[in-house]
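Colleague: This is the structure I want to talk about, given as structure tokens.
The values are calculated or read from the model by the stated rules, or taken from the named source; none is laboratory data. Since we're looking at a predicted model, the values are computed, not measured. Heads up, the Cβs are rebuilt from the backbone with ideal geometry, glycines too, and the neighbour counts pull from every protein chain shown.
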Amino acid sequence: MKARSIARELALLGASQLTDSLDTKTAAEREPLSNKQLDALLLKALTALSADAQESIETAEGELQRGERLILESETRTIETDKVRSRIQLTVPLIETAINRVGSNLELLVFARQGGKRSVMAAQNALESAASLLEKGDQLLLDNERRAADISEARQQIQQAIAAVKTAIAELKQSLEPATFAKFISQTDIRGYAGDLLYSWTRYWQAVDVRLDEAMEKWNIRRLARVDRDILRLAMIEIMHLSVPKRVAIDEAIEMAKRYSDEEGYRFINGVLRRATDKLESTSAEN
């Protein structure tokens, strides 16, 4: 995970605490953040990021539990091979999603320079093993459909994949604490860019809103869900004031929207940013 991706996420979480307070202040009252205020804001954002990671892990555990239930049902509720195989096949996407969720949090911890910790290394090894076992189990299901493998072999591989993901989760839980995530802001590149984003937010958000309102035409940015509104603002701040290429800023905004919004939200954000940047380029060409 790139430093700026982490910085953007921290800035987004920090910005959610700025939005309402800025909206109620006059222009004279909107002062840029001091270093002390910035540090406090980033620490709050880190706490939120840690809580989000914990929630993601809990969701992965729920997916594994559903997978285990399907595996058990395949052994106890039917003896017909096709039905057994069908029930086991339902576990594959559940476990794959759980692996991806856990892997995302593992990537955060590795990037926070926790990669040398035994627990994180053990989690990484367990997750790699889980992915390999799941792939083998999925292939054995296909082979069984062709009558080339025993269904019990596929079931065993997938059960082992579930056990491996559980091992990775148990190891990660030792590291998913705010104190661990606090190492992010000790890294100059992350703290510096998150600070630039939040500093620019306090200075330029009104001008950015004007551009976004123009791009939405009959809609108003203040009527959007807060997370969608904040993602749009951050992307436009990057493009207008931090010299980030529009393609990079838009792609990063879409990725954040996929994480914090929904499918309709990220598609909407993509469309608004494309229209807004087209208008910016058109204005620049005229001048």
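The rows are residues; the columns are (1) buried (at least 20 other Cβ atoms within 10 Å of the Cβ); (2) among the hydroxyl-bearing types (Ser, Thr, Tyr).
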position: ASN220; (1), (2): no, no
position: ILE231; (1), (2): yes, no
position: VAL248; (1), (2): no, no
position: THR277; (1), (2): yes, yes
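Colleague: Separate question: Could you tell me which of the residues GLU58, GLU68, GLU73 is over 30 Å from GLU145 (Cβ atoms), in the same structural domain as LEU140 (by TED's automatic domain parsing), of a type in the set (Asp, Glu) and assigned to a helix (DSSP H, G or I)?
Modeller: Being over 30 Å from GLU145 (Cβ atoms), in the same structural domain as LEU140 (by TED's automatic domain parsing), of a type in the set (Asp, Glu) and assigned to a helix (DSSP H, G or I) holds for just one of GLU58, GLU68, GLU73, which is GLU58.
Colleague: Among the helices (runs of 4 or more DSSP H) lying completely within segment 132-217, list those that include at least 2 residues that are in the same structural domain as GLU238 (by TED's automatic domain parsing), in contact with a His (Cβ under 7 Å, 6 or more places away or on another chain) and modelled with pLDDT of 85 or more.
Modeller: Counting at least 2 such residues, we get 188-216.
Colleague: Got a number for residues in segment 232-264 being of a type in the set (A, V, I, L, M) and outside any helix (DSSP H, G or I)?
Modeller: 2
Colleague: Yes or no: LEU10 at pLDDT 85 or above, part of a helix (DSSP H, G or I), in the same structural domain as ARG226 (by TED's automatic domain parsing) and among the aliphatic types (A, V, I, L, M)?
Modeller: yes
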